[in-house]
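Novice: Okay, here's the structure, questions in a sec.
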Amino acid sequence: MAQQPQDDNPPEKRFDDHSVIVPPHKLKKAVTHARGAVNIDMSAVQRAEAALEELKTEFGEWMNAECERIEAARRQIHAKGLSRATVDALFMPAHDIKGGATTLGFPLAERMATSLCRLLQHAPEPARIPRSLIDHHVDAIRAVVREDVKNAHNPYGLELCDRLAIMAETFLAGELKDGYAEIAGDAAHRIAIPGKN
C-alpha cells in the first residue's frame, strides 16, 4: 500500500486581519521523562573535582601566557602606532582575559581587561586613545597576575580597577559626546561605589 504524501505545511489559524501558523510538536517524540529516583554517580563528581584541582596548577601558566600575548600586542602599538589594526590586535588578548580570568582565579584581571576592551571597542578614533591609558591597563593586568592576586576584594586591586574604569569612561564620554549615553549603562556596574563592596 502506497504511503500518502504528508503535508509539510504546518496548520494555520486564520483570523479576520491575520493568520497564526502553529508548528507541529515534533520534539515530543524525542523527549523522555525520568521517573523515580535519579541516581547520581558521586564518584564521577569526585573525579571531576580532582581533575579541576590538578588543572588549577596550570591556571597561573595560562594567565602568564595571556599576559605575554597582551604585552606583545602592546609592543606592536609602541612600534607601529595606534591604528585600527594594532588596536584590534590588542583587543583580542584583552577580550580573552576578560572572558577567562575569573575562571582561572584572577577576577580583578577580568575587570581590568573589561575596562580595556570597552576603551578599545568604543573609541571612535583609535589614534586618539592615550597610549598611557593602554599602558596602565596592560601593566595592571600583568601586575595582578605576576603578584598572584586572586582575592576579588583586594582593596588595592579594587581601587586600581575603579581608577582605570573611571579614566577609560571619562575618555570615552569626551570622545563620544552625546553618543556616550548609549554605552554608559554597561559601565555602571563595573565601577565600585565606596562602602558598597
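Novice: For Arg84 and Ala181, what does the FRET efficiency come to when R0 = 22 Å and r is the distance between their Cβ atoms, rounded to the nearest 0.05? Intermediate results must be reported in sequence, preceding the final value.
Specialist: Working: r = 24 Å, r/R0 = 1.10.
My answer for the efficiency is 0.35.
Novice: Report the GluC sites (Glu not before Pro) located in the stretch 46-154 that are in a DSSP loop and have at most 15 other Cβ atoms inside 10 Å of their Cβ, or state none.
Specialist: Glu147
Novice: Which residues among the stretch 134-176 fall inside the zone where the amide N is under 18 Å from a point 7 Å beyond the Cα of Arg128, along Cα→Cβ?
Specialist: Only 134, 167-176 pass the distance filter.
Novice: Sum up the charges of everything whose Cβ sits under 11 Å from the Cβ of Ala94, counting Lys and Arg as +1 and Asp and Glu as -1, but leave Ala94 out. It would help to have the intermediate numbers written out before the result.
Specialist: Numbers: positive: Arg69, Arg74, Lys98, Arg118; negative: Glu66, Asp88, Asp96, Glu110.
Its environment carries a net charge of 0.
Novice: Between Glu49 and Glu61, what length in nm is gained on full extension when 0.36 nm per residue of separation is reduced by their alpha carbon distance? The partial results should precede the final answer.
Specialist: Working: separation 12, 0.36 × 12 = 4.32 nm, distance 1.97 nm.
Taking 0.36 nm per residue and subtracting the Cα distance, the gain is 2.3 nm.
Novice: Classify the stretch 50-154: rounded, prolate or oblate, from the alpha-carbon gyration tensor (a ≥ b ≥ c, eigenvalue square roots; a/c under 1.5 rounded; otherwise prolate if a/b is larger than b/c)?
Specialist: On the way: a/c = 2.33, a/b = 2.05, b/c = 1.14.
Prolate.
Computed from the coordinates by the stated procedures, all read-outs in this text should not be read as laboratory data. Please read these numbers as outputs of a predicted model, since none were measured by experiment. So basically every Cβ, Gly included, is an ideal-geometry build from the backbone, and we count neighbours across all protein chains shown.
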